[in-house]
Amino acid sequence: MEYAFLTWQIPYIGAILALLLNRAGKARDVIAMLAIFGAAVASTFTLQEVLASEEAIHISYPWIKSLGVTFGVYVDSLAAVMALIVAWLSFLIAVYSLKYMEGDPGLTRYWFFFDFFVGSMLLLILADNLVLMFLGWEGTGLASYALIGHWYTDEDERCVGDIGRKALGVPMWFPPSHSGLRAIVFTRLGDVGFIAGIGAIYYFTHTFSIPQIAHMVGEWAGPLAHAGLLFPFLLIFSLGAFAKSAQFPFHEWLVTAMTGPTSVSALIHAATMVKAGVYFLLRFSPIFVLAAHEIPAAEPQVHAFFTTVALIGGFTAFFMATQALVSRELKLILAFSTASQLGYMFLALGAAGLITEFPMGFLAGFSHLMSHAIFKAALFLVAGAVIHVVHSRYIDDMGGLWRAMKWSFLAMSLAALSLMGVPPFMGFWTKDTIIEVAKESGVFLGYLFGVVTAGLTAFYSTRMVIRTFLYEKSENVIHAEEHHHLHEAHPLMLIPYLTLALISLLVGLVWPVYGPQILGVMVSNVLGIHEEFHPHVELNLGLLVTSLSMVFGGILVAVGLYYTAGGRRALKSMRENPVGRALHDFLYDRWYINSIYYIVIVGGFAWLSRVIYRYFDSLIVDGFYHRFIPWLTEKLSVLGFKYFETEVIDETYHDRIVRLFRAFGSYVRRLQTGLINQYLVTFFIGLLIVLFLLLWVG
């Protein structure tokens, strides 16, 4: 089972080689890419071994014996399939990067953190204990900081947001260095909860092993449930997942992560970092359900947790989709879409814990993770190719590109149709299953959010395709045409995203036939799922009509508004209307939540710092320590010198001590007569006294 270890170790080796081959140019880039390919091949063999053994494979070696921490892997069907998706998608993005990042001055740094990122994500997935998992978890966070801020020189064209735009007085544009900092701060906030949860579990079980935590569920969930603390514990433990997967209210970091290269955006937003939170719930939600089944006192608290997850996921899906409706930046539309689709996955996994057939909801979330990883990676890579050609991130500077970039247009259209959930694409099957699970869970608000978001997704996806490829040509595109700058993407860029778009269609076509078999592989030996479950693919007619009505309604509205002259006039009049303008600004400025964060949190801490400076630092530190204490010391010194040193020390102490020593000296001098006979008499008297004492004591 060395393949599982190689799966996450090879990318780390590739990262080290990228540093050592700093001056090797193309050879460095190719070797870094081949390291990801090696991980992808190893992940394929790992999945084959898991399927052949029909049970999870667990190998571990002692590491920190005093704490019982091991160095090992735990590979069930969940970990094996997840590692396969991450590794192969990362490889395709690495191939794309060979051309997209060509000529960049920071390529050594790019490839080091790229491979380090992939290795950390695979370590997170395959780790058999919480300590090793947390190392991978933090590794992705560190690498994301470096990759998002890759262009740290902060030129205006590298920013996200409109330069100069403010909302509630707060700037709404973010340079790469600031965006990288936002990412690491937001995700670290959630990681504090993750660490606290790890510590609490170890306190009760004295183990970090994930399989043992599942087997000893009663030993940690029982005491917490009986104390009424299981619900808050589960929330705190899952806080890192909410932050990593950009769920409300931790969503803001993902929006501004678009300052990184587009290949980084595809890497982070498709299969790696943002999916870490979803993977966390996929890994631990079966264990939480076990706790509810085995401990009666835990059931209501576990259900409350899953209800909370479903509501947060549903709201995030709707909330982020509304912002994509009006966004002008191509990558930003996709960023909003990513957070929205992650919300769908959280909705599915929250609903899973509330229905009788938990594996059904589990598979809904897992399968949508898989389909989203494929079509969203394709969309980001197409976006990078388009931005590369038109030299602008704004859709206002695009339009009419379909003739010059036919294959890219095809790839974006196919991937967007899957994102919308149009049959027979893969996204249709997985999203429809989530809506079905949400309805069955009884969380009506979550279900409502899911249905409405389906329409919003169709609208902004159609708008994106039209504005990018089918809209009237912008002056920027006309200028590029005149100078023969418009062209199809290079094959190294085109082939990866065209392949992914076609996979999204092909998997959707075979899903009704092979779907149960694929789902069966996904759930065959997942840790914590012990019940018999036979996956099936079927459609609920009522939900199908509701969902597709929303989807096609969103498509038709977008086509009517952006592809017809009448629709464009209607859009113009809406923007000129005060109510329409206010609604547009509300959505465009992200519900003012970013501004509120800066006003309340950043501004609040700044105000608190000023208050502390004024009333503590100035009054207490400066006033007491720097003014009062020196003044008091000076006064005491004057008084001491006057009444103690002069009168006591000089007059009393010095005079008496001096007179005493002088008298003693005079007496000693008188004893020194210079007569030898007196010295001999004194010596013998002393000797007799000593002999007498010795005889007396004896």
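Every read-out reported here was derived from the displayed coordinates using simple, explicitly stated rules and does not represent laboratory data. Remember, predicted model here, so these are calculated numbers, not experimental data. A quick note on method: Cβ atoms are made from the backbone with ideal geometry, for glycine too, and the neighbour counts reach across all protein chains shown.
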- Note on the structure: Per the C-alpha gyration tensor (a ≥ b ≥ c, the square roots of its eigenvalues), the chain is rounded if a/c is under 1.5, else prolate if a/b beats b/c, else oblate; here it's prolate
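For region 342-441, which trypsin sites (Lys or Arg not before Pro) are both in a DSSP coil and crowded by at most 13 other Cβ atoms within 10 Å?
Taking region 342-441 and a limit of 13 other Cβ atoms within 10 Å, the loop trypsin sites (Lys or Arg not before Pro) found are Arg403.
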- In range of the label at Leu505: residues from region 404-426 whose backbone nitrogen is under 12 Å from the point 7 Å along Cα→Cβ: 407-418, 424-426
- Query: Which trypsin sites (Lys or Arg not before Pro) in region 1-98 pass both tests, a DSSP loop state and at most 15 other beta-carbon atoms within 10 Å?
  - Reply: Arg23, Lys65
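Tell me whether region 105-179 comes out rounded, prolate or oblate; compute the Cα gyration tensor, take square roots of the eigenvalues as a ≥ b ≥ c, and use a/c under 1.5 as the rounded threshold. Mind showing how you got there, number by number?
Numbers: a/c = 4.73, a/b = 1.93, b/c = 2.46.
Oblate, since a/c reaches 1.5 and b/c is not below a/b.
Would you mind calculating the gained length between Asp162 and Leu142 on full extension (0.36 nm times residue separation, minus the Cα-Cα distance), in nm to one decimal?
In short, 4.5 nm is gained.
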- Query: Roughly speaking, what is the centre-to-centre gap between region 513-554 and region 166-218 when only Cα atoms are used, to the nearest Å?
  - Reply: 30
- Query: How do Leu486, Leu544 line up, fewest other C-beta atoms within 10 Å first?
  - Reply: Leu544, Leu486
- Query: Counting each DSSP H run of 4 or more residues in the chain as -39500 (n - 2.57), what helix-only mean residue ellipticity at 222 nm follows after dividing by all residues, to the nearest 500 deg cm²/dmol?
  - Reply: -23500 deg cm²/dmol
- Query: Are there any helices in the chain, counted as whole DSSP H runs, that stretch 27 Å or more along their axis by Cα and score at least -0.5 on average by Kyte-Doolittle, and if so which?
  - Reply: 26-53, 77-100, 107-126, 176-205, 273-294, 299-324, 330-352, 358-390, 444-465, 491-522, 541-562, 676-697
- Item | Chain lengthening between Leu639 and His215 when straightened (0.36 nm per residue, less Cα-Cα) | 145.1 nm
- Message: Given bins 10 angstrom wide, list per bin the percent of all Cα-Cα distances in region 254-293, short to long.
- Response: 28, 34, 21, 14, 3
- Query: For a label point 7 angstrom out from the Cα of Val185 toward its Cβ, which stretches of region 570-598 have the backbone nitrogen within less than 13 Å?
  - Reply: 594-598
- Message: Place a point 7 Å from the Cα of Phe552 along the Cα-to-Cβ direction; which residues of region 391-419 have their backbone N under 18 Å from it?
- Response: 417-419
- Taking amide H positions as placed in the peptide plane 1.01 Å from N, state which residues far from Val160 in sequence (5 or more) or on other chains have amide H under 5 Å from it. Phe174
- GluC sites (Glu not before Pro) within region 19-109: DSSP coil, no more than 13 neighbouring Cβ in 10 Å: Glu54, Glu55, Glu102
- Query: Shape call for region 533-649 from the C-alpha gyration tensor, a ≥ b ≥ c root eigenvalues: rounded (a/c under 1.5), prolate (a/b greater than b/c) or oblate?
  - Reply: oblate
- Rounded to the angstrom and largest first, Cα extents along the principal axes for region 595-697 equal 105, 41, 22
- Note the full-extension length gain between Tyr152 and Lys406 as 0.36 nm times their separation in residues minus their Cα-Cα distance, in nm to one decimal. 88.1 nm
- Query: For the chain, what's the relative contact order in percent, using C-alpha pairs closer than 8 Å and at least 6 residues apart?
  - Reply: 12
- Task: Estimate the FRET efficiency between Thr356 and Phe45 by the formula 1/(1 + (r/R0)^6), using the beta-carbon distance for r and 45 Å for R0, to the nearest 0.05.
- Result: 0.75
- Report, in whole Å, the centroid distance computed from the Cα atoms of region 299-332 and region 1-39. 36
